[in-house]
């Protein structure tokens with residue numbers, strides 16, 4: 001696959017996301033009908049997404065055996081610990097949570113409609129990322145896919161606890 005084709009969806013939903021942020025400042029801040037508690041929940045989700053977006057940069061750089069001078073995206077091994085033992089795509093999840101949080105912050109139907117498109121394109125992009133990782137890492141990534149869900153935190157935590165319980169049960 002040509003390099004630019006791999007990133008088309010990311011460019012589209014990324015552009016929409018930036019537009020969404022700008023529109024939040026236009027519509028959201030002056031929304032006199034907003035429910036403050038909903039807005040504060042949106043802000044809390046937004047901050048969680050910020051953390052979720054930045055953590056992988058440090059985790060992959062430290063544990064992904066990235067060649068010197070390369071970006072964190074150039075991992076040479078599958079990282080299966082920490083955050084990556086719960087979900088496979090934390091940065092995509094962060095993008096989805098960012099977009100969702102903007103609905104709660106702005107409480108505007110235009111922002112909500114854009115979020116539907118952004119979240120849909122992001123999820124398709126996640127599926128493509130999994131295909132790319134299978135091509136890159138082969139069966140090892142397929143095994144990882146069986147253990148760790150794409151973006152479902154709850155299922156990821158349940159699976160992690162089950163793996164730990166199973167491992168702990170094997171100790172003498």
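Could you list, in sequence order, the residues of segment 68-114 that are over 14 Å from residue 55 (Cα atoms), free of Cβ contacts under 8 Å to residues at least 60 places away in the same chain and assigned to a helix (DSSP H, G or I)? Hits for segment 68-114 are 96, 97, 100, 101, 109, 112, 113. In segment 149-168, the residues that are touching a residue at least 60 places away in the same chain (Cβ under 8 Å) form Cβ pairs under 6 Å with partners that are loosely packed, with under 15 Cβ neighbours inside 10 Å and part of a helix (DSSP H, G or I), at six or more places apart or across chains, as follows: 149/155. Filtering segment 134-162 to residues that are in contact with a helix residue (DSSP H, G or I) (Cβ under 9 Å, 6 or more places away or on another chain), farther than 17 Å from residue 92 by Cβ and surrounded by 14 or more Cβ atoms within 10 Å (Cβ to Cβ) leaves 137, 147, 159, 160. Among the residues of segment 79-97, just one is crowded, with 21+ Cβ neighbours inside 10 Å and farther than 27 Å from residue 20 by Cβ, namely 84. Residue 131 meets all of the listed conditions (1) surrounded by fewer than 17 Cβ atoms within 10 Å (Cβ to Cβ); (2) under 19 Å from the mean Cα position of the chain (by Cα); (3) under 29 Å from residue 15 (Cα atoms); (4) in contact (Cβ under 8 Å) with a residue 12 or more places away in the chain but one, namely (4).
Given the conditions (1) surrounded by 14 or more Cβ atoms within 10 Å (Cβ to Cβ); (2) modelled with pLDDT of 90 or more, and given that residue 43 satisfies all but one, which numbered condition is not satisfied? Checking residue 43 against (1) surrounded by 14 or more Cβ atoms within 10 Å (Cβ to Cβ); (2) modelled with pLDDT of 90 or more, the one that fails is (1). Quick one: would you say residue 48 is farther than 19 Å from residue 105 by Cα, in a helix (DSSP H, G or I), under 18 Å from the mean Cα position of the chain (by Cα) and at pLDDT 90 or above? Criteria not met by residue 48. Name every residue in segment 125-172 that is part of a loop (DSSP other than H, G, I, E, B) and at pLDDT 90 or above, in order of residue number. Selection gives 138, 148, 149, 150, 151, 152. Against the list (1) surrounded by fewer than 16 Cβ atoms within 10 Å (Cβ to Cβ); (2) over 20 Å from the mean Cα position of the chain (by Cα); (3) not in a loop (DSSP other than H, G, I, E, B), the condition residue 54 fails is (2).
The values are calculated or read from the model by the stated rules, or taken from the named source; none is laboratory data. Everything quoted here is computed from the prediction, not taken from an experiment. For neighbour counting, all protein chains shown are included, and Cβ atoms are generated from backbone atoms with ideal geometry for every residue, glycine included.
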